[in-house]
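The values are calculated or read from the model by the stated rules, or taken from the named source; none is laboratory data. Predicted, not measured: the structure shown is a model, and the values here were computed from it. Using ideal geometry, Cβ is built from the backbone for each residue, glycine included, and neighbour counts are taken over all protein chains shown.
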Amino acid sequence: MALVERRTGTLHVEAVSLTDIAEQFGTPCYVYSRKALTEAYNAYCEALAKHNALICYAVKANSNLAVLSLFARLGAGFDIVSGGELARVLAAGGEAKKVVFSGVGKSHGEIVNALRLSIKCFNIESAAELDRINAVAGDLGLKAPISFRVNPNVDPKTHPYISTGLKTSKFGIAYEEALPLYRRAAALPHIHITGIDCHIGSQLLDPAPATEAAQKVLALVDTLAGEGIELEHIDLGGGMGIHYRDEAVPSVTEYLAPILRVLHGRKEQLLVEPGRSLVGNAGLLLTRVEILKHGSAHDFAIVDAAMNDLMRPALYDAWHDIVAVSERNELPRSCEVVGPVCESGDFLGHERMLAVHEGDLLAVMSAGAYGMAMSSNYNSRPRAAEVMVDGAQAHLVRKREEITQLFAGESTLP
Ligand SMILES: *Cc1c(COP(=O)(O)O)cnc(C)c1O
């Protein structure tokens with residue numbers, strides 16, 4: 001579904017107008033749709049209906065408790081990368097036994113806590129981490145369920161900052177090193193080998209790289225079985241792309257079809273770790289034009305959201321559609337849509353054709369993933385509010401940060 005719909009000239013999310021949301025909760029403000037989130041999750045359920053599968057939502061894409069609790073109630077598991085994310089999952093009603101723990105630098109404390117809570121699996125990313133987890137599990141008198149994150153060395157053909165499955169990546173274990181590491185793990189007393197995983201990158205629109213990765217992973221699974229190391233699950237990671245601009249986005253069913261063909265008839269449980277594709281198109285960033293500035297080369301629409309609220313344009317030069325909430329019957333002009341932060345990289349969009357006045361509202365689309373989750377307090381800006389629309393109701397699911405919260409943990413010298 002499209003997240004927004006124009007009714008009598010004004011953009012709505014479900015049955016709520018963005019003008020009303022701005023009035024009630026202020027700007028900048030993230031707005032999510034319960035319906036869009038649910039539909040995105042259900043698309044995975046349908047695509048995977050014939051498989052013994054667990055959808056582990058990648059929490060880092062959007063970790064708001066309302067989003068997590070919605071997915072938990074729909075039956076999701078979770079892919080986490082920190083103890084903080086594990087705490088959020090549990091606070092939102094998620095189950096530890098459906099949690100997989102990824103990340104290259106899990107700390108001693110994070111491992112202890114996750115072991116005590118009996119998570120489903122640690123996705124191990126190095127030999128040193130294997131030894132660390134074995135030792136910690138030994139101290140606790142437990143066995144740690146583990147999988148290795150293998151780098152199948154396929155090029156996902158996406159932005160280099162979100163490409164993670166190449167040999168040169170800091171993530172995962174080189175394909176050639178996986179077999180010896182599995183053998184070593186099988187001999188460790190406090191390790192229980194349960195799976196294998198890979199995650200080759202993000203914003204992938206062509207299923208070919210992930211299909212090739214799945215083939216390479218399956219070849220390893222079969223080699224391992226030949227040595228008596230039987231795996232219970234195969235985790236193919238996340239990475240499916242979404243709509244930002246004009247890209248041809250396959251449906252989840254279309255994207256997964258060639259991958260599921262490769263997996264046909266396998267007995268292992270299938271795990272996937274989608275992040276962006278569950279939340280990205282289900283959220284927007286609502287912002288108000290503060291100042292219109294006519295520069296010599298461009299016009300600037302200076303808005304009240306900035307790179308600290310939505311970092312993707314500054315970080316990846318990412319495109320987000322920017323749409324006027326209420327239409328004006330005027331000719332649009334080319335605008336640089338920028339925030340108030342003191343950086344030239346602080347922009348939300350270049351050369352956007354908009355007819356706006358000061359005080360007008362803009363919706364920055366496709367901002368549900370890696371938006372609020374990557375926000376910061378740079379320039380001592382309080383973080384935005386978050387609102388979840390459910391039918392005709394808008395729920396505040398995170399209050400706007402207050403200025404005093406910004407330095408609440410700080411102190412002056414005595
Ligand atoms: C970030 C991440 C994901 C989610 O990626 P998306 O592109 O948002 O689907 C899944 N698994 C791992 C290990 C990740 O680091």
Residue selected from segment 241-271 under the condition within 26 Å of Y370 (Cβ to Cβ) and touching a strand residue (DSSP E or B) at 6+ places or on another chain (Cβ under 6 Å), by the criterion farthest from the ligand (Cβ to nearest atom): L270
C56 being farther than 16 Å from R276 by Cα, crowded, with 20+ Cβ neighbours inside 10 Å and not charged (D, E, K, R): no
The listed residue being of a type in the set (S, T, N, Q), crowded, with 19+ Cβ neighbours inside 10 Å, farther than 15 Å from I191 by Cβ and modelled with pLDDT of 95 or more, out of S147, S107, S69, S63: S63
Of all residues in segment 187-198 being within 23 Å of the chain's Cα centre (by Cα) and either closer than 18 Å to D131 by Cβ or touching a residue at least 60 places away in the same chain (Cβ under 8 Å) (or both), the one that is nearest to the ligand (Cβ to nearest atom): D197
Qualifying residue in segment 41-49 (condition: crowded, with 20+ Cβ neighbours inside 10 Å and either away from the ligand (no atom under 16 Å from the Cβ) or in a strand (DSSP E or B) (or both)): no
E358 being in contact (Cβ under 8 Å) with a residue 40 or more places away in the chain, surrounded by fewer than 19 Cβ atoms within 10 Å (Cβ to Cβ) and part of a strand (DSSP E or B): no
Members of segment 303-323 that are without any contact (Cβ under 8 Å) to a residue 40 or more places away in the chain and either closer than 25 Å to R6 by Cβ or surrounded by fewer than 18 Cβ atoms within 10 Å (Cβ to Cβ) (or both): P313, D317
Selection from segment 266-289 of residues that are among the hydroxyl-bearing types (S, T, Y) and touching a Ser or Thr at 6+ places or on another chain (Cβ under 7 Å): T287
Complete set of residues in segment 118-144 that are aliphatic (A, V, I, L, M), over 22 Å from A53 (Cα atoms) and surrounded by 16 or more Cβ atoms within 10 Å (Cβ to Cβ): L130, I133, V136, A137
Residue list for segment 369-406, restricted to those being loosely packed, with under 11 Cβ neighbours inside 10 Å and in contact (Cβ under 8 Å) with a residue 24 or more places away in the chain: S380, A392
Qualifying residue in segment 67-80 (condition: among the charged types (D, E, K, R) and within 20 Å of H199 (Cα to Cα)): yes
Residue within segment 199-209 that is surrounded by 14 or more Cβ atoms within 10 Å (Cβ to Cβ), within 17 Å of E273 (Cβ to Cβ) and more than 16 Å from the ligand (Cβ to nearest atom) present: no
Given (1) modelled with pLDDT of 95 or more; (2) within 16 Å of the ligand (Cβ to nearest atom); (3) not aliphatic (A, V, I, L, M), number of the condition N308 does not satisfy: (2)
Verdict on A36 being surrounded by fewer than 17 Cβ atoms within 10 Å (Cβ to Cβ), within 26 Å of V387 (Cβ to Cβ) and in contact with a helix residue (DSSP H, G or I) (Cβ under 7 Å, 6 or more places away or on another chain): no
Residue match in segment 230-238 (condition: at negative phi, free of Cβ contacts under 8 Å to residues at least 40 places away in the same chain, within 13 Å of the ligand (Cβ to nearest atom) and not charged (D, E, K, R)): yes
Of all residues making up segment 222-259, the number that are assigned to a helix (DSSP H, G or I) and aromatic (F, W, Y): 1
Residue check, S366 in contact (Cβ under 8 Å) with a residue 24 or more places away in the chain, outside any loop (DSSP other than H, G, I, E, B) and closer than 28 Å to T10 by Cα: no
Count of residues meeting criterion [small (G, A, S), within 16 Å of the ligand (Cβ to nearest atom) and part of a loop (DSSP other than H, G, I, E, B)] in segment 369-388: 2
Some residue of segment 18-27 being within 19 Å of L70 (Cβ to Cβ) and part of a strand (DSSP E or B): no
Qualifying residue in segment 278-286 (condition: away from the ligand (no atom under 13 Å from the Cβ), at negative phi and out of contact with any strand residue (DSSP E or B) (no Cβ under 7 Å at 6 or more places or on another chain)): no
